[in-house]
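One structure is given here, and the rest of the page talks about it.
The values are calculated or read from the model by the stated rules, or taken from the named source; none is laboratory data. Being a predicted model, the structure only gives us computed values, none of them experimental. Reconstructed Cβ throughout: ideal geometry from the backbone, glycine too, with neighbour counts over all protein chains shown. Areas reflect the complete protein model, heavy atoms only, side chains present, ligands, DNA and RNA absent. Shrake-Rupley method; radii C 1.70, N 1.55, O 1.52, S 1.80 Å.
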Amino acid sequence: MASPDVHHLFHHPIADHSFSADRQTLAVARDNNVELYSRSGSNFTLQDELKGHDKTVTSVDIAPSTGRIVTCSQDRNAYVWEPSSSGWKPTLVLLRINRAATFVRWSPSEKKFAVGSGARVIAVCYFEEENDWWVSKHLKKPIRSTITTVAWHPNSVLLAAGSTDAHARVFSSFIKGVDAKPESSVWGERLPFNTVCGEYLNNSAGWVHGCAFSPSGNALAFTAHDSSITVVYPSGPDEPPNAVISLSTQLLPFLSLIWNGESEIIAAGYDCEAYRLRGNQQGWQIVGSMESKSRPGLGEMREESALNMFRQMDLKGKSKDDTQLKTVHQNTIATIRAYDEAGGSVKKFSSSGVDGRVVIWST
């Protein structure tokens, strides 16, 4: 496996990150702003800053085709940023929420995006041509707590969401005049707005941190604070699912996950490294870590002279400095996203976290 491409941008947590379709632009959420980095050679250099929010930016996403950037923040607002001759032009989105916006993602069609919030609603936003602004419709019932994550189905109508009431749910976000009528699937046939197509709970009712549809859209995976990953295989509308497989692990909880084909999931979180899982309707298991621990420069400490060893013991009460983790990320991984993907198969993925690093991995 090729060694990961590590970019240590700053000593500050990264709440979320997103790459443009040509992978030349990197957007990272830092404090109240979104920083835009452009690739120069093998490094990323700070190119621009999107300033508009007055509280912590919680999520950012770049639309692959149009290049529009959507951001959301604890200030209860979302902005759509469009490139113009004078820089990035922001448009305020009418979210109509009274709590923090927590998570945002464009739909695959790029006609809509979904914003999770602490107001127990998901704002599904779309552009209204006649008034020239972005408006929202709310998915409300039966959400009973803060939305922590959302994920789109390939058809741009179904939306999965995880929340702190320990449920992962699949909703219809069909908007007349914006969406084409979706084909019937295992999730349902008639799908008016706010139809609940599925509602799932993990074994010990842990907060849901991340969720994702498989490339076909016929399976849903979600990860929770009880260190579990649950994979759901629905069978059809109003019928019990074919299988609900909940895999409990001995690891710290995962925060984010992506699918690599229909039979592999890559997940990462508080353990500061990404793990590979494989399985199907019969069962899932962890295959192992995505990184080898014996990389030079991280795993093995250089040999110290006797004098230096005694000096360390005198100063710190120990002979070796053990503050360096053996993993690439030195703190929690908050987000992993597909970086190079074709036909549902992920060749490379990117991760960002609390240590201010963005890392690009080969699968």
Under Karplus coefficients 6.51, -1.76 and 1.60, residue-wise ³J(HN,Hα) of the stretch 61-77 in Hz, glycine/proline x: 8, 9, 6, x, 7, 7, x, 5, 10, 10, 10, 9, 8, 5, 7, 6, 10
The chain: relative contact order in percent, alpha carbon pairs under 8 Å with at least 6 residues between: 12 percent
Computed E for GLN24/SER145 - FRET, C-beta separation, R0 51 angstrom, nearest 0.05: 0.85
(1) 5, 24, 33, 23, 10, 4, 1, 0; (2) 5, 20, 30, 24, 13, 5, 2, 0, 0; (3) 4, 16, 17, 11, 7, 7, 9, 10, 10, 6, 2, 0, 0, with the label sought being that of the calculated P(r) over Cα pairs in 10 Å bins from 0, in percent: (1)
Degrees, to the nearest 10: 306-316 long Cα axis against longest axis of the chain: 50 degrees
Within the accessible area of the chain (1.4 Å probe), percent carbon and sulfur: 47 percent
Potential extension, ALA306-SER289 segment - 0.36 nm per residue separation minus Cα distance: 2.6 nm
Radius 10 Å from Cβ of ILE258, net charge of other residues (Lys, Arg +1; Asp, Glu -1): -1
Cα-projected label distance for ASN280 with GLU128, points at 7 Å along beta-carbon direction, nm: 4.9 nm
The chain: most fluctuating residue of HIS138, HIS12, HIS53 per GNM, C-alpha cutoff 10 Å: HIS12
The chain - mean residue ellipticity at 222 nm from DSSP helices (-39,500 (n - 2.57) per run, n ≥ 4, rounded to 500): -1000 deg cm²/dmol
Candidates SER163, SER345, SER18, ranked by Gaussian network fluctuation over the chain, Cα under 10 Å, top entry: SER345
Candidates per trypsin sites (Lys or Arg not before Pro) in the stretch 140-226, loop by DSSP, up to 14 other Cβ within 10 Å: LYS140, ARG144, LYS176, ARG190
Sum of side-chain charges, TRP187 neighbourhood, beta-carbon under 15 Å (Lys, Arg +1; Asp, Glu -1): -3
Gaussian network model of the chain, springs between alpha carbon atoms under 10 Å - residue of LEU46, LEU247, LEU315 with greatest fluctuation: LEU315
Prolate/oblate/rounded label for the stretch 120-209 (Cα gyration tensor, a/c 1.5): oblate
Accessible surface, per residue, of the chain when the full set of protein chains is kept, probe 1.4 Å, Å²: 46 Å²
Accessible-area ranking of THR332, THR56, largest first, probe 1.4 Å: THR56, THR332
ASN242 versus ASN43: modelled label distance in nm, points set 7 Å from Cα along the beta carbon direction: 5.0 nm
